[in-house]
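Here is the structure we will look at, set down as structure tokens.
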Amino acid sequence: MSNVFNIGPGKACGWLGLGLLLLSGGIQAKTEEEAKAQIKQDLIGFCSDCHGRNGVSELKNVPNLRAQPPEYLKAQLLAFRSQQRSSSFMDAFIYQINDAQIEQAVAHFSVQPSALKGKPAWRGEKWPGDMAAGEQLAYVGNASANVPACVACHGPSGIGVEPGFPRLEGQKPQYMINQLKAWQAGKRPPGPLGVMSAIAKSMTDDEIVAVSHYFAQLGGEQ
Ligand code: HEC
Ligand code: HEC
């Protein structure tokens, strides 16, 4: 039996096993057969190796899934499965996941509680002026570079707005940085509204880092 994981029909690669090993150091590498069997028997356990059972990942490049709008999670899984969005880790198995399993995973992760400290806030009372760079971008944006306030779409404190605006509060900062850079480089599809490519391209590296860490720490991520 091969120890190699197949990425989709015709593309052979050891990514899943390698990915699990590299990501965690502790998680056992899986063969394709083992992964298939686990997906069938314990789908959520399979996802949880990387994303955490409560939707809180222990790995800095792997997003937290807790409390995300269900429609958003579903749209991203469909985008991975149709190869519009790409990740070597997700690509390795997503072609095996059927519609019912997508619904099952979305139902599990979308209802895991968020870790927002305090109540969602617009923070309009501090506007404008006395905020640190990340907070200022989140609540005010940067009009001179056409960067809108993130909370206008992502909701107060970045808690997300159904159906299509993901929660940023408590997301892994390195993951958010990676996504904004992927949009700058044209490597993530623009999404239904097509807005994030333009927003990311209008941001400097320093702004991307500052705003990602701002939203992350609102939900206890550093
Ligand atoms: C081998 C590790 C691994 C496994 C197993 C895994 N994922 Fe992922 N997943 C990732 C990584 C890494 C990303 C981020 C990809 C990127 O940077 O674009 C991701 C991204 C996602 C996203 C996009 C999140 C967002 O905020 O846009 C969703 C949804 C998702 N995974 C769901 C799942 C589900 C459901 C399962 C189980 C069926 C699963 N994943 C199994 C590693 C994994
Ligand atoms: C006009 C509405 C709008 C504004 C303003 C906006 N976003 Fe977004 N953002 C979206 C949408 C829609 C998505 C989901 C895209 C998709 O479906 O792929 C998104 C997704 C994201 C993601 C990916 C999250 C994930 O889980 O993968 C990040 C990170 C992000 N936005 C950061 C920001 C930041 C930082 C700002 C402020 C500088 C901002 N956004 C302003 C609409 C907006």
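Nothing in this text is a laboratory measurement; each read-out follows from the coordinates by a stated rule. All values reported here derive from a predicted model rather than from experimental measurement. Neighbour counts run over all protein chains shown; Cβ positions are idealised from the backbone, glycine included.
The figures follow:
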| read-out | value |
| --- | --- |
| Long-range tail of P(r) for region 59-208 (Cα pairs > 28 Å, %) | 20 percent |
| Gain in span if fully extended, ALA185 to THR204, counting 0.36 nm per residue against the direct Cα distance | 5.5 nm |
| Mean-position separation - Cα centroids, region 42-116 and region 165-222, in angstrom | 18 Å |
| Gain in span if fully extended, ALA132 to VAL195, counting 0.36 nm per residue against the direct Cα distance | 20.2 nm |
| Amide H contacts under 5 Å for ASN142, placed H, 5+ residues apart | VAL147 |
| Histogram of C-alpha separations across region 105-166, 10 Å bin width, % | 20, 46, 23, 10, 0 |
| Reference-scaled alpha-carbon Rg (2.2 N^0.38 Å with N residues) for region 124-218 | 0.99 |
| Ranked by how many other beta carbons lie within 10 Å on average, peptides 71-77, 208-214, 32-38 from highest | 208-214, 71-77, 32-38 |
